[in-house]
Amino acid sequence: MTESRPGVAQLNPAQREAVEHGDGPLLILAGAGSGKTRVITQRIASLIELGVDAERILAVSFTNKAANEMAERMVPLIGKRRAGRVRMSTFHSFGLSLLKEEADASGLDGRFVIFDQSDSLGVVKEILRERYRGGVSRRFDPMAVLARISNWKSAMVRSDAVADSECDYDGISREVYEEYEERMAAMRALDFDDLVCRPVHLLRSDETVRLRRQRAIEHLLVDEFQDTSEVQLELVKLLANDRRNVCVVGDDDQSIYSWRGANVGNILEFESHFPGAKVIKLETNYRSRAPILEVANAVIANSSARRHPKILRSARTGGDAVRVSTCESPRAEAVFVAKEIGQLNEEGTPYDRIAVLYRSNQQARLIEEELTERRIPYRLFGGQQFFDRKEVKDAAAYLRVVVNPYDEISLRRIINFPARGIGTRSVQRIEEFAKQHGKPFTRAAEQGQAIDGIPDIAKRSLGELSALFGRARARMKESGALHAAAVELIGSLDLREAFDDTAEGGNQGARRWQNVVALLGWIERYERNAPRTRKSLQDFLQRVTLQGDVKNDDDGPEVTLCTLHAAKGLEFPVVFLIGCVEGQLPHSRTTDPRAHEAVEVDLDEERRLFYVGITRAQDRLYLTASRQRMLRGKTVDVAPSRYMDDIPDEHVQQYEREEEKDLSFEELSALTKDLLKKHRGAATTAD
């Protein structure tokens, strides 16, 4: 290894051992804050220096952000040219590339659309509405049904192989699953699960493709391996070459996503999947002060699911004890947090160096109110993303129908937006016509003139809509000018007026229209920068479906409010972890699971979630709880989280701030009634 490479001298012995490992499977157990990204990038650089072709290295992560960060860190290590040749991707992006590159073998002719979660949910809702009319359909939560379908696909269970169950949700979900797959195929649509499942099925069934892919990858590196599902593990195994050059990095203590198909057993049993694997633990933490790590170690030590125990040791000296504060109520807890944040800011801590973490989004409301009251700026991390905004999805739906005439979900979304006289009854007539003649819904809509029972205005609108899509397809085919064709299409729809008509006040309509303009700007930038050989509207739409959020310019330092699940991978100098009580952490779903829950999250995973929250803190950590909370309209006493019992007293400081009196539910109700009574009396006197 070249000692002069940037960053090599800073590697500790365990990191260096991981970087210099040669051929064969390698499991790197990277504790929180132990520098795993540094190890991955240095290992890639080391492999290239040893003669491995950069193009034959594939590094897979779970988010675009992580993949981009790795790519950026590679540049100073091996130069921009060689760094650009290394394949760095997410599982879903890699799967999409494989399906495109192996189009003949995969049976996909390239004309397919990717459905995000909301699109897939739309399919499930439509099936429930059609098959289970009346009260039956309303009994079942479409999101819970979709979650079951996703988990079955992640576990590689086909619709005809789902096991029998006495649970009504399982039975309904199994029936919906079969029709869901049929409708997705008819619409030539793939969901996010398909982007991994389809490549696995292809590699399993086609030896020629499998051998070609294995020869193309000499070294495979996987980040956050504890978050992989069964099908993602299978993809890794199918891509591994004869030398089994698979390096996975992860932390079983931070496995918190079972509800979306992650299987902690993948990392716990790595050595059985890849016999003879080298195991290296990274236990030096470069993020948190020692007192914070002492608390984290004490909490996770009592996890029953650990197979590779780790003890994090801080590389940083000093640090304050963890502050524990118990307040009378959630409102008093929010007041405490807001006051403490204000005091920290006055003492010199910028707002953007502070985070408030919680188990569920509902806990943020009181914090938001108190921060707003004190004019403390904040942001909700993981809020609605740009491409999830209704107006953006409406505009994109028009473009998706242009690309894929079979995209029923997108057509249904915009068939009467802006309003053009195609109401619910007309849509039902189109559905009936499609079933009678064995046609897709989209083709039936194109033949609206021939459908009985549809008003003339709806027939005219269907004809105009079909002609609109036809002109856009012809324009793009003839000129290849994506942005110009998109502007012409969107400009002909009077969307600006429609947004103004449906806005709820203020300049909401203008803001919605500006978001559509921003989407068109994205198309223009894509057309200007994308490689000519791959440039198409379909490629653009596939990219933005996988892209995630669009980063906006910061308005200034803001406190971050974030769920524990969304906080994974983040770090802040000051962290408030609120709601450390039974029923919130661990969540009541673990002790009293509901019938519709697709996956039961166990107490060990809730413990790991608490551990993840603790290890987000760099310099100062607050753990807060309340003695009472509102439950179904009543004030009830609550106990501190059972995980708090594992924290030794010597590592914490009981920290209190004078509380503002917080009225009980009964007191608040009495006060409200009294005020209303006085108000009515005053009104009578005035009359």
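The values are calculated or read from the model by the stated rules, or taken from the named source; none is laboratory data. Note that this is a predicted model, so its numbers are computed, not measured. Backbone-built Cβ (ideal geometry, glycine too); neighbour counts: all protein chains shown. Side chains are part of the model used for accessible areas, which takes the heavy atoms of the whole protein and leaves out ligands, DNA and RNA. Shrake-Rupley method; radii C 1.70, N 1.55, O 1.52, S 1.80 Å.
Past the 28 Å Cα-Cα mark, which pairs from K80/K281; K237/K568; K439/K535; K80/K237; K125/K237; K390/K634? Distance filter (> 28 Å) returns K80/K281; K439/K535; K80/K237; K125/K237; K390/K634. Each helix, a run of at least 4 DSSP H residues, gives -39500 (n - 2.57); summed and divided by the residues of the chain, these come to -15500 deg cm²/dmol at 222 nm. Size descriptors for segment 1-133: radius of gyration and Dmax over Cα atoms are 20.1, 69 Å.
For segment 1-71, the orientation-averaged shadow of the C-alpha convex hull comes to 5.2 nm² (one quarter of the hull surface). Summing +1 for each Lys or Arg and -1 for each Asp or Glu, what net charge is found among the other residues whose Cβ lies under 12 Å from the Cβ of A45? That works out to +3. Ranked from largest to smallest solvent-accessible area, with a 1.4 Å probe on the protein heavy atoms, W259, W513 come out as W259, W513. Counting Lys and Arg as +1 and Asp and Glu as -1 over every other residue whose Cβ lies under 11 Å from the Cβ of A458, the net charge comes to +3. Rounded to whole Å, the principal axis extents of the Cα atoms in the chain read 92, 80, 52, largest first.
Inverting the pair-averaged 1/r between distinct Cα atoms of segment 343-405 gives 15.0 Å as its Kirkwood hydrodynamic radius. Estimated at the nearest 10 Å², the accessible area of D619 is 50 Å² with a 1.4 Å probe. Accessible surface comparison of S304, S410, S165, probe 1.4 Å, protein chains only, largest first: the order is S304, S165, S410.
Of the whole protein surface, S329 contributes about 10 Å² of accessible area at a 1.4 Å probe radius. In the chain, taking the dipole from charged Cβ atoms about the Cα centre, the farthest positive-side position among V19, L465, L238 is held by L465. Give the separation of the Cα centroids, segment 347-418 to segment 214-236, in Å. Their Cα centres are 31 Å away from one another. Summarising the strand pairing of the chain, around 10 percent of its internal DSSP beta bridges are antiparallel. Dipole magnitude for the chain: computed about the Cα centre from +1 point charges on Lys and Arg Cβ and -1 point charges on Asp and Glu Cβ, it is near 1860 debye. Using C-alpha pairs under 8 Å with a sequence gap of at least 6, the mean separation divided by the residue count of the chain gives a relative contact order of 19 percent. Coupling constants for segment 611-624 follow from the phi torsions by the Karplus curve (6.51 cos²θ - 1.76 cosθ + 1.60, θ = phi - 60°), and in residue order they are 4, 4, x, 4, 7, 7, 7, 9, 10, 9, 10, 10, 10, 10 Hz; glycine and proline get x. Quick one: net charge around P573, please, counting Lys, Arg +1 and Asp, Glu -1 for every other residue with C-beta under 11 Å from its C-beta. Net charge in that neighbourhood comes out at +2. Derived scalar couplings between HN and Hα for segment 65-77 equal 4, 5, 5, 5, 5, 4, 4, 5, 6, 6, 4, x, 7 Hz in order, rounded to whole Hz, by the Karplus curve 6.51 cos²θ - 1.76 cosθ + 1.60 (θ = phi - 60°), x for Gly and Pro.
Taking amide H atoms as placed 1.01 Å from N in the peptide plane, the amide H of A155 has no partner under 5 Å among residues 5 or more positions away or on other chains.
Selection among Y406, A445, G491 by position relative to the dipole of segment 359-509 gives Y406 as farthest towards the positive end (Cβ unit charges, Cα centre).
Taking all protein chains together, E230, E370, E527 sort by accessible area into E230, E527, E370, largest first [probe 1.4 Å]. With the convex hull constructed from alpha-carbon coordinates only, segment 220-347 shows a mean projected area of 11.2 nm² over all directions. Each residue of segment 184-189 was assigned a 3J(HN,Hα) from its phi angle through the Karplus expression (A = 6.51, B = -1.76, C = 1.60, θ = phi - 60°), giving 4, 5, 5, 8, 6, 10 Hz with x at Gly and Pro.
Short to long, the 5 Å bins of the Cα pair-distance histogram for segment 423-505 hold 3, 14, 18, 16, 17, 16, 12, 4, 0 percent of all pairs.
Packing, as the average of other Cβ atoms within 10 Å across residues, places the peptides 485-497, 111-123 in the order 111-123, 485-497, highest first.
For A59, the residues whose amide H sits under 5 Å from its own are R87, M88, S89, L221, ignoring neighbours fewer than 5 places away on the same chain, with H placed 1.01 Å from N. Our Cα-only numbers for segment 603-644 put the radius of gyration and Dmax at 13.2, 38 Å. Between the residues P199, A216, G276, the greatest Cα displacement towards the positive end of the dipole of segment 163-303, with unit charges on the Cβ of Lys, Arg, Asp and Glu, is found for A216. Contact order, relative form, for segment 84-237: 34 percent (alpha carbon pairs under 8 Å, 6 or more residues apart, mean separation divided by residue count).
The translational diffusion coefficient of segment 85-188, from Stokes-Einstein at 10 °C and 1.306 mPa s with a Kirkwood hydrodynamic radius over alpha carbon pairs, comes to 103 µm²/s. Between V324 and residues 5 or more places away or on another chain, which pairs have amide H atoms under 5 Å apart, with H built 1.01 Å from N, and which residues are they? Placed amide hydrogens put L623, Q653, Q654, Y655 under 5 Å from V324.
Of all the Cα-Cα pairs you can form in segment 257-324, what percent are over 16 Å apart? Everything past 16 Å amounts to 62 percent. Using C-alpha pairs under 8 Å with a sequence gap of at least 6, the mean separation divided by the residue count of segment 1-149 gives a relative contact order of 17 percent.
Segment 262-318 and segment 431-462 have Cα centres spaced 60 Å apart. Protection proxy ranking, highest mean first, for peptides 279-288, 579-588, 472-481, 51-60: 579-588, 279-288, 51-60, 472-481, where packing is the per-residue count of other beta-carbon atoms within 10 Å, averaged.
Taking all protein chains as they are arranged and a probe of 1.4 Å, the heavy atoms of L570 leave approximately 20 Å² accessible to solvent.
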